[in-house]
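Step one of this worksheet: look at the structure below.
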Amino acid sequence: MSYQQLEVRSVCKRFGGVVANNNITLSVPQGSIIGLIGPNGSGKTTLFNSIVGYHPIDKGYIRFEGREISSMRVPKIARMGLLRTFQQTHIYGKMTCVQNMQISVPHTSGGFRAMFSKYPPEVTDKAESLLEFVGLYMKRHLMAGDLSFGQQKLLEFAMALMNEPKLLLLDEPTAGINPTLINGLIERLKRTNADLGITLFVIEHNMRAIMNLAEHIYCLAHGELLTSGPPDQIQNDQQVIDAYLGAK
Ligand code: ADP
Ligand code: MG
């Protein structure tokens, strides 16, 4: 049996009267690519926010590499190697790709330093090699705001990799990406897992993409875990099909 890098046990999260997550239990084995699907509003983003320490949970616990992280905040959890990316991108449009990469490294003083390129050469080398990894090397000196939306998402992904995460949570990586570029993105995510050894836990709306990417998929509906299984089983699961049809 593989080692469970992330363990979510009986997690509940409420916003006023809305139960966004109810009694969610799931695990992410080290080295795996795991999917999280479910109709809009089913609680996927809330679960990611709880895992990375963005808000406290009401019940249950979350363990990362055997340590309870339920009451830790974002920076501490990030330093342990657990990071997320967002459904909307978080980049600085008036800085170049390389500068965005430089300021994403922890323990540096951010904006001004990058503007005056006072970063050690190894940070810049790492930034450039990761930009190459995501296919943005030729654009490295362009302003991030001048990239296409899909390229901005790749940049944000590369920025997360600057921090050398052990487990990366990706919230809808293919959303807003030109359909012709989705297969390339999926291959890149697979290489991130295989070549860089980073575990991926991925929320995805594009069914074909997540079926191709993940080895195991959890499906949420109305804040609860509906079912889980390998992609071919989830794809044909009547409960999953009904949950999606019911939400439209
Ligand atoms: P998903 O990512 O699956 O689309 P979310 O986790 O964003 O779903 O939302 C789950 C439910 O929790 C929704 O009903 C949403 O309106 C509610 N919710 C999410 N975040 C907040 C918040 N910060 N304040 C109040 N309600 C929220
Ligand atoms: Mg969401």
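Every condition in (1) away from ligand 2 (no atom under 16 Å from the Cβ); (2) closer than 28 Å to V11 by Cβ; (3) under 17 Å from the mean Cα position of the chain (by Cα); (4) open to solvent by 20 Å² or more (accessible area, probe 1.4 Å) is met by L154 except one, and the failing one is (2).
Among the residues making up the stretch 1-19, a single one is among the basic types (K, R) and within 15 Å of ligand 2 (Cβ to nearest atom): K13. If only residues of the stretch 224-244 that are out of contact with any helix residue (DSSP H, G or I) (no Cβ under 8 Å at 6 or more places or on another chain), at pLDDT 95 or above and within 15 Å of ligand 1 (Cβ to nearest atom) are counted, the one that is least open to solvent (accessible area, probe 1.4 Å) is L225. Taking strands (runs of 3 or more DSSP E) as the structural unit, those lying wholly within the stretch 1-56 and holding at least 1 residues that are closer than 24 Å to R191 by Cα and touching a Cys at 6+ places or on another chain (Cβ under 9 Å) correspond to 33-37. The residues listed here are A114, A160, A144; of these, the one that is more than 24 Å from G35 (Cα to Cα), at pLDDT below 95 and either open to solvent by less than 20 Å² (accessible area, probe 1.4 Å) or within 15 Å of the chain's Cα centre (by Cα) (or both) is A114. Output the residue which, of all residues in the stretch 57-93 that are more than 14 Å from ligand 1 (Cβ to nearest atom), among the charged types (D, E, K, R) and assigned to a loop (DSSP other than H, G, I, E, B), is most open to solvent (accessible area, probe 1.4 Å). This residue is R73.
For the stretch 20-38, the set of residues classified as farther than 13 Å from C219 by Cα and within 16 Å of ligand 2 (Cβ to nearest atom) consists of A20 only.
The values are calculated or read from the model by the stated rules, or taken from the named source; none is laboratory data. Computed from a predicted structure; not experimentally measured. Positions of Cβ are backbone-derived with ideal geometry, glycine not excepted, and every protein chain shown enters the neighbour counts. The accessibility values were calculated without ligands, DNA or RNA, using every heavy atom of the protein model including side chains. Shrake-Rupley method; radii C 1.70, N 1.55, O 1.52, S 1.80 Å.
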